[in-house]
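Trainee: Below you will find the structure I want to go over with you.
Only the coordinates and a few stated rules stand behind these numbers; no lab work does. Because the structure is a prediction, the values reported are computed rather than measured. Ideal geometry is used to build each Cβ from the backbone, glycine not excepted, and the neighbour counts take in all protein chains shown.
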Amino acid sequence: MRVTVLIISFVLMIASGVIAFTKGAIEPVVRNIVYIHVPASICSLVCFGGLFVFSIMYLIKKKPVFDYLGAASAEVAFVFATVLNITGMIFAKAEWGLWWTPSMRLISSAILWFLAAAYLILRSSFNEQGNKANLCAVFGIIAFVDVPFVYISARLMRDIHRPSFSFDSSWQSAALGLAIVATIMLASALIWMRADIEKLNKRLN
Amino acid sequence: MAEENLKKNNSAALEAENISKSFANKDVLRGISFKVEAGDGVCVYGSNASGKTTLLRILAGILQAKDGTVKIGGWDIKKSAEKALPMIGVISHGTMTYPQLTVEENLKFFADIYNLSDKKERVTEVIDEMNLSKFRYDVVSSLSRGTRQRLAIGRAVLHRPKVILADEPFTGLDSKSKQKFIDIINKFKKAGGALVLTSHHVELAGKCCEKIVVLDGGKFVAEANIGDDDVRRFCEDHSTSTKEKI
Amino acid sequence: MSNSINIIKAIFVKDIINELRSKQTFASMVVLSIIIAWIFRLASSGVESAMAAAVIMVSVVFSSILCCERSFVVEHDEGCIDGLLSASADRGNIYIGKLLFNVTMLCIFDCVMVPVVCVCFNLTPAGNLLKLIVILLLVNIGVSAVGTLLGSIVMSIKSRSSVLSILIMALIMPMMIPAISGLLMVFSAGADGGMFSAGQSFSEIAGMMAAYDAIFVTVCWLVFGFTVD
Amino acid sequence: MNYLIGAFAVSWAVYFVYLIYLSFKLNSLNRRFESKYPPGK
């Protein structure tokens, strides 16, 4: 099941790549980073949403599975935020000539990365078990509440980031859509695997 | 059986039913039930990590149980907390007092928290009762361990509770302070209060408890009257399994 | 209701007395901020409003870490938190009491720290004093709202202060941006805040910070109970 | 163009390394789990 999801996701990714480079290439060519940058950004937000939902579910239902899922989505969110920031930085270097500059989207995606990292640090720093799951869930909730403010406050910055690409052909939108779907499938498979690891770890100790 | 007799009486001071608790997805307590009548003392015995402290913290309303109900004098500790909580007094290994505050300020603070109607009078009363009038304006950090323990007991009985929950009250006390503690508790019990305490010292616990309950690995294992012969042996027999596991 | 106010007041007064006796937290907060200001001054050359704004925010955040951690260490040292929890069913009261204490501490701290920074960097915010006070107050509330909750979260961790600093910093970022542009407006006498603030007015900035405060106080108040369970 | 290839290489590398790390971890944990609690019992 999990393997199937992964395979479908890779097939979709390759399909989107083929469409992007045959029919939907964006000029100048470096802007094609968008096909990996935008899906990563959407996925990290989706994973943050997952962290929020699972944390609330854990606090209400107290079922261990939600704790595992919350931990997994935070880690996957961290991975996607890393990709988001790296691709963003490479794009910035190519377009504007510098790796990083304080501007709206750049700051907000950096903060997203900090938040995910902070959750992982908190989670790894408990030496005795205690009510670790509760505390991590609480932090997950307030970290997600922080996200909208990240975007609102970043509006204060002068923005050199393109708000969104205007696509001239539907091929381009199709390629991007396919890439987004594929990446979300990849993300859910990763969360699933990570949650299983957490569960096995807990049972073994 | 002693348990049968307990069940006939309806006005139990403390009634715990089917309590379960899990920490970090590991079960700490599994389905524990017992009753304590007014004027009675129960000692909870168990090896380390058998869940006694957790049980006491749940009974005190500090932690919330995953399952099960705790009733204090007939009031549910979750649903009608404002009725149930003032009936509980807690003593734990920590003294639960602020080292930078004076004896009087400490008691006054908890009187405020419990919102007593006669704060000043009650604080003075407790200070006299616990023989603390000499130290009334002293900062707690300057007091000896035994005096602090007296203050801790004073803090626990400040709001006239019906039940006292004591977690390892004898650790770190010399024999004189231990005797003093037992005297105070027995006076409290004579006045109609109930006592639940956790301890390793069966002999000491025997001086203020009638019944002993043995916990092991978060489960209820056995119970006995403390007057019985060989109660110490009995306790150890029933709590060996965790030692083997470790 | 009146019962809650009583409990909040009792906790607040107790914490203030405790701090007046030991003076430990406040002293370390002030010394830390003076050292920070002094180091930044070494790297600057004369009047620099941008650096002053940064120094103020860094000092507030680091001091709040000390303050929020300390205010819960006091409770956990002798197990007093258990006494509080077994006395009052509503955990939110404890949060509000602690929050008030932390905000008060930070406000008193600001009264010392801001003049020091102004002297260091040759600034005179006299004309914009009201704006300065508004911004500092909003920052204090926001930082303490998050810090009080996180202080309670990290209590079961051994290396709590290092974890706490990371958590507070990550969560307070969105607050930093409007706060720094507001401070820049104050110190550069009305001009817009340098590379920040794309045409935002002061009231918009203050409104954004107030919204952050309101939402975080509410959310943290709601979830505080889970951190002590 | 170099930047584009770099970006794709880095992000795919991150995804794959993470995926491979997870599957290795899962495999080893499964093995440990089965040796501790054999499925027959």
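Trainee: Taking the alpha-carbon centroid of each part, what is the distance from the stretch B:73-132 to the stretch A:93-130 in angstrom?
Mentor: About 46 Å separates the Cα centre of the stretch B:73-132 from the one of the stretch A:93-130.
Trainee: Next up: So what are chain B's ellipsoid semi-axes, whole angstrom, largest first, if each one is the square root of 5 times an eigenvalue of the alpha-carbon gyration tensor? Walk me through the intermediate numbers first.
Mentor: Working: eigenvalues 174, 83, 62 Å².
Largest first, chain B gives 29, 20, 18 Å.
Trainee: Between B:Glu121 and C:Leu42, what's the calculated FRET efficiency when r is the beta-carbon distance and R0 is 51 Å? Round to 0.05.
Mentor: 0.25
Trainee: Could the peptides B:92-102, C:155-165, B:43-53 be put in order, highest first, of the mean number of other beta-carbon atoms found within 10 Å of their residues?
Mentor: Order by mean packing, descending: B:43-53, B:92-102, C:155-165.
Trainee: Shielding of B:91-101 by partners, i.e. mean partner chain Cβ atoms within 10 Å per residue?
Mentor: So the per-residue partner count for this stretch is 6.
Trainee: Then there's this: From the square roots a ≥ b ≥ c of the eigenvalues of the alpha-carbon gyration tensor of the protein assembly as shown, which class results: rounded (a/c under 1.5), prolate (a/b over b/c), or oblate?
Mentor: It is oblate, given that a/c is not under 1.5 and a/b is not larger than b/c.
Trainee: With the cut-off at 1.5 for a/c, could you classify the stretch B:135-203 from its C-alpha gyration tensor as rounded, prolate or oblate?
Mentor: oblate
Trainee: Next up: With a Förster radius of 41 Å, plug the Cβ-Cβ distance of B:Lys207 and C:Ser4 into 1/(1 + (r/R0)^6) and report the FRET value to the nearest 0.05.
Mentor: 0.50
Trainee: For peptide A:27-35, what's the mean number of Cβ atoms from other chains within 10 Å of each residue's Cβ?
Mentor: 3
Trainee: Taking the Cβ of each residue in B:Lys190, A:Lys93 as the centre, tally the other Cβ atoms inside 10 Å and list the residues starting with the fewest.
Mentor: Lowest count first: B:Lys190, A:Lys93.
Trainee: Calculate, for B:Arg145 and A:Ile14, the FRET efficiency according to 1/(1 + (r/R0)^6) with r their C-beta to C-beta distance and R0 51 Å; round to the nearest 0.05.
Mentor: Efficiency for this residue pair is about 0.10.
Trainee: How shielded is C:15-27 by partner chains, expressed as the average number of their Cβ atoms within 10 Å of its Cβ atoms?
Mentor: For peptide C:15-27, the averaged partner shielding equals 2.
Trainee: Divide by every residue of chain A the summed helix terms, -39500 (n - 2.57) for each DSSP H run of at least 4, and state the resulting mean residue ellipticity at 222 nm, rounded to the nearest 500 deg cm²/dmol.
Mentor: -28000 deg cm²/dmol
Trainee: Dipole magnitude of the stretch C:2-228 about its Cα centre, charges +1 at Lys/Arg Cβ and -1 at Asp/Glu Cβ only, in debye to the nearest 20? Could you put the intermediate results ahead of the total?
Mentor: Numbers: 11 positive and 13 negative charges, 49 e Å.
Computed about the Cα centre, the dipole is about 240 debye.
Trainee: Next question, about the same structure. Expressed as a rounded percentage, what relative contact order does chain A have, with Cα pairs under 8 Å and six or more residues apart?
Mentor: That works out to 40 percent.
Trainee: So, one more: Taking the mean number of other Cβ atoms within 10 Å as a proxy for protection, how do you rank B:196-203, C:36-43 from highest to lowest?
Mentor: The densest-packed peptide leads the list: B:196-203, C:36-43.
Trainee: Further question on the same structure: Amide H to amide H, which residues 5 or more places from B:Ala166 or on other chains are under 5 Å from it, using H placed in the peptide plane?
Mentor: B:Ile91, B:Val196, B:Leu197, B:Thr198
Trainee: How high is the relative contact order of chain C? Use alpha-carbon pairs under 8 Å, at least six apart in sequence, and give a whole percent. Working shown, then result.
Mentor: On the way: 246 pairs, mean separation 60.0, N = 229.
About 26 percent, as a whole number.
Trainee: Once you place label points 7 Å from the Cα toward the Cβ at C:Val31 and B:Lys66, how far apart are they in nm?
Mentor: Result for the modelled spin labels: 4.7 nm.
Trainee: Would you mind telling me the antiparallel percentage of the DSSP bridges in the protein assembly as shown, rounded to 5?
Mentor: Of all bridge pairs located within the protein assembly as shown, approximately 55 percent are antiparallel.
Trainee: Which shape class, rounded, prolate or oblate, goes with the stretch A:2-204 when its Cα gyration tensor gives a ≥ b ≥ c as root eigenvalues, a/c under 1.5 marks rounded, and past that a/b bigger than b/c marks prolate? Please report the intermediate quantities before stating the final value.
Mentor: Working: a/c = 2.57, a/b = 1.50, b/c = 1.71.
Oblate is the answer for the stretch A:2-204, as a/c is 1.5 or above yet b/c matches or exceeds a/b.
Trainee: Counting other beta carbons within 10 Å of each Cβ, put C:Cys111, C:Cys120, A:Cys43 in order, fewest first.
Mentor: Ranked by crowding around the Cβ, least crowded first: C:Cys111, C:Cys120, A:Cys43.
Trainee: With just the Cα atoms defining each centre, how far is the stretch A:131-153 from the stretch A:46-61? Give it in Å.
Mentor: Centre-to-centre (Cα) distance: 10 Å.
Trainee: Separate question: So for the stretch C:102-229, averaging the separation of alpha carbon pairs under 8 Å that are six or more residues apart and normalising by length, what relative contact order in percent results?
Mentor: 32 percent.
Trainee: Which is the longest stretch in chain A that no exposed loop site breaks, taking sites as chymotrypsin sites (Phe, Trp or Tyr not before Pro) with a DSSP loop state and at most 14 other Cβ atoms within 10 Å?
Mentor: Segment A:1-98 is the longest.
Trainee: What helices in chain A pass both tests, a Cα length along the helix axis of 18 Å or more and a mean Kyte hydropathy of 1.0 or higher, using whole DSSP H runs?
Mentor: Going by DSSP H runs, the hits are A:2-22, A:34-61, A:64-96, A:104-124, A:132-154.
Trainee: Which ³J(HN,Hα) values, rounded to whole Hz and listed in residue order, are derived for the stretch C:218-226 from phi using the Karplus coefficients 6.51, -1.76 and 1.60 in 6.51 cos²θ - 1.76 cosθ + 1.60 with θ = phi - 60°, glycine and proline given as x?
Mentor: 5, 5, 5, 4, 5, 8, 4, x, 5
Trainee: For every helix of n ≥ 4 consecutive DSSP H residues, a contribution of -39,500 (n - 2.57) applies; sum these over chain B, divide by its total residues, and give [θ] at 222 nm rounded to the nearest 500 deg cm²/dmol.
Mentor: -10000 deg cm²/dmol
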